[in-house]
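The values are calculated or read from the model by the stated rules, or taken from the named source; none is laboratory data. Here the structure is a predicted model, which is why all the values come from computation and not from measurement. Reconstructed Cβ throughout: ideal geometry from the backbone, glycine too, with neighbour counts over all protein chains shown. Just the protein is used for accessible areas: all its heavy atoms, side chains included, with ligands, DNA and RNA removed. Shrake-Rupley method; radii C 1.70, N 1.55, O 1.52, S 1.80 Å.
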Amino acid sequence: MPFSPALRRVLVVTTLGSFLAFLDSSIVNVALRSLSDRFDAPLSTIQWLVTAYLLALAAVLPVSGWAAARFGAKRVYAVAIATFTLGSLACGLADSVGELIAFRAVQGAAAAVAAPVAQMIAVRAAGPERLAKVMSVTGVPTILAPILGPAVGGLLLDHAGWRWIFLINVPIGALIVVLALRLLPRDEAAGAGRLDLLGFALLALGCVGLTYGLTEFGTHGDFFSWNVFPWAVGGVLLLGVFVVHALRAAAPLTDLRLYRNTRYTAASVANFFLGAVLFGSVILMPLYFQIVRHQDPVATGLLLIPQSIGVAIAVGTGSRFIQSLGIGRAALLGGLVSVVATLPFVLVGAHTSYWLLGAVMVVRGFGIGATMVPVMTAAFRVIPPTAIADATIQTNVLQRIGGSLSTAILAAVLQSRLDSATTPAQQAAGFGTAFWWVLAIGLCATAPALLLAKAERAEQRVQQTREPAPSVRQ
């Protein structure tokens with residue numbers, strides 16, 4: 001079924017906003033060393049540009065669903081993009097590292113609202129018939145933006161200066177706000193009721209504690225240090241208390257009873273590990289090109305483009321795969337392709353052909369994209385329309401926690417190997433060890449696809465038994 005003009009307008013506006021928010025999560029990474037020199041600050045301080053963004057995002061993300069229901073999704077989305085744009089302008093004009101870190105937190109808080117609310121608007125506009133095609137479009141920012149971020153950041157840093165890494169968002173963000181106010185359908189506040197303050201505090205603080213602990217673990221590699229252990233364990237405990245509270249509360253911040261549905265649970269578990277595969281492994285290839293192959297930020301960004309091409313192919317064909325294979329088998333096929341395409345990186349060397357790396361990155365990008373689209377489709381197809389906001393928050397939280405967890409583990413594993421490496425070959429072997437972990441995470445992301453395929457076959461058998469047998473004329 002083709003998209004209506006109204007749905008096309010919704011997808012253009014929401015995809016642009018989500019892409020801007022997700023791009024900013026990785027575009028700064030290539031500029032950290034330059035910013036350290038510019039502000040004469042240690043890298044441990046400059047790293048807070050990333051940490052502040054992630055912590056603000058983790059803190060505010062849980063409340064985005066309630067805000068959309070309370071004030072209207074269109075209004076909240078426009079305000080979030082406007083806030084993100086103003087935060088970007090302030091970052092571009094910052095004169096001290098403290099100001100820059102504070103305004104990065106503003107960006108993270110705004111992105112925490114903009115991305116999930118954009119997804120809510122798109123899913124509601126799609127309806128069940130066009131959900132797979134819409135997921136193919138809305139999956140672009142989630143998968144493609146973190147990969148393209150280093151390339152865009154490197155080009156801006158090399159040709160325009162560090163301020164334009166932030167200022168580039170200003171005209172684009174202003175355009176999105178205008179388009180949102182003019183093109184998105186009017187929606188009314190849904191009577192969300194009072195905010196579950198206890199649930200919000202537990203979930204927000206739990207996400208912040210766990211994210212901070214994992215970030216510090218990735219930096220220092222010592223889980224039992226005071227910068228890691230209390231934060232990570234405290235975050236997990238708070239999340240556990242939140243689960244108990246949400247299952248008992250009359251009007252919880254997000255409805256965890258959705259996990260009673262086996263297919264939704266399988267899709268959510270796959271989504272968690274896909275977030276780990278996507279956000280975690282994104283750090284490895286840029287570091288490999290810079291540390292082992294001695295490439296500058298611009299060349300590194302350009303060398304990552306092949307994976308974006310693979311993702312783009314998968315996103316463009318995702319709905320057709322779902323129609324021909326079904327959700328479960330399409331996700332399983334994509335997961336297996338991703339796992340097989342990760343194997344060459346386990347054997348990566350100091351002089352591995354760039355052409356070979358590029359070809360494998362295309363295939364791997366295709367596998368990740370071909371898994372993400374059916375998994376997200378499965379999560380939203382099995383829930384009632386009234387639960388879209390809850391499912392959106394849950395999928396986004398799971399993706400972010402999965403990404404933080406894998407980033408911390410991969411960074412710690414890689415650092416432990418690089419500390420003892422004295423030659424490029426040994427450095428490359430360290431990256432190979434880290435990719436063994438990526439391979440294991442990819443297998444974990446593929447396993448729930450088997451459950452989706454099994455549940456899909458069972459549903460088809462039930463439907464076949466319910467079909468009346470054809471009558472035979474005497």
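Using bins of 10 Å that start at zero, the share of Cα-Cα pairs per bin across the stretch 1-111 amounts to 13, 41, 27, 14, 4, 1, in whole %. Spin-label pair residue 183-residue 340: with each label point 7 Å from Cα along the Cα-Cβ axis, the two points sit 3.9 nm from one another.
Projecting the Cα atoms of 152, 72, 137 onto the charge dipole of the stretch 41-189 (Cβ charges, centred on the Cα centre) puts 72 farthest toward the positive pole. Maximal additional length on extending the residue 32-residue 227 stretch stands at 68.1 nm, based on 0.36 nm per residue less the C-alpha distance. Evaluated with a Cβ-only charge set (Lys, Arg +1; Asp, Glu -1), the stretch 162-280 carries a dipole of roughly 340 debye about its Cα centre, given to the nearest 20.
Placing +1 on the Cβ of every Lys and Arg and -1 on the Cβ of every Asp and Glu, with no other charges, gives the stretch 14-119 a dipole of roughly 420 debye about its Cα centre.
Using the Kirkwood formula over every pair of different C-alpha atoms, what hydrodynamic radius in Å results for the chain? Intermediate values should be presented prior to the final figure.
On the way: mean 1/r = 0.0440 Å⁻¹.
Value: 22.7 Å, from the Cα pair sum.
Simple rule: put +1 on each Lys or Arg Cβ and -1 on each Asp or Glu Cβ in the stretch 200-327, find the dipole, and look at 265, 310, 275; the Cα lying farthest toward the positive end is 265.
Relative to the Cα centre, the charge distribution of the stretch 67-149, modelled as +1 at Lys and Arg Cβ and -1 at Asp and Glu Cβ, gives a dipole magnitude of about 420 debye.
Once both labels are positioned 7 Å from their Cα atoms along Cα-to-Cβ, the gap between residue 440 and residue 420 label points is 1.7 nm.
Summary of the geometry: the stretch 39-59 and the stretch 294-308, compared by the centres of their Cα atoms, lie 23 Å apart. Here each label is just a point 7 Å from Cα along the line to Cβ, and for residue 386 and residue 236 those points are 3.6 nm apart.
Atom-type composition of the exposed protein surface of the chain places 66 percent of the accessible area on carbon and sulfur (1.4 angstrom probe). Using only Cα coordinates, the Kirkwood hydrodynamic radius of the stretch 276-384 works out to 14.6 Å. Within the chain, what's the longest stretch lacking trypsin sites (Lys or Arg not before Pro) that sit in DSSP loops with no more than 13 other Cβ atoms inside 10 Å? It runs 195-472. Mean residue ellipticity, 222 nm, helices only, the chain: the sum of -39500 (n - 2.57) across DSSP H runs of n ≥ 4, divided by residue count and rounded to 500, is -26000 deg cm²/dmol.
Across the options 374, 351, 404, the greatest Cα extent toward the positive end of the charge dipole of the stretch 332-469 (unit charges at beta carbon of Lys, Arg, Asp, Glu) belongs to 374. Taking all protein chains together and rolling a 1.4 Å probe, residue 37 ends up with roughly 120 Å² accessible.
Express the accessible area of the chain per residue in Å², computed with a 1.4 Å probe while the remaining protein chains stay in the model. Walk me through the numbers before you get to the answer.
Details: 20380 Å² over 474 residues.
In whole numbers, the chain has 43 Å² accessible per residue.
Assuming a ≥ b ≥ c are the square roots of the Cα gyration tensor eigenvalues, decide whether the stretch 195-241 counts as rounded (a/c under 1.5), prolate (otherwise, with a/b larger than b/c) or oblate. Prolate is the answer for the stretch 195-241, as a/c is 1.5 or above and a/b outweighs b/c.
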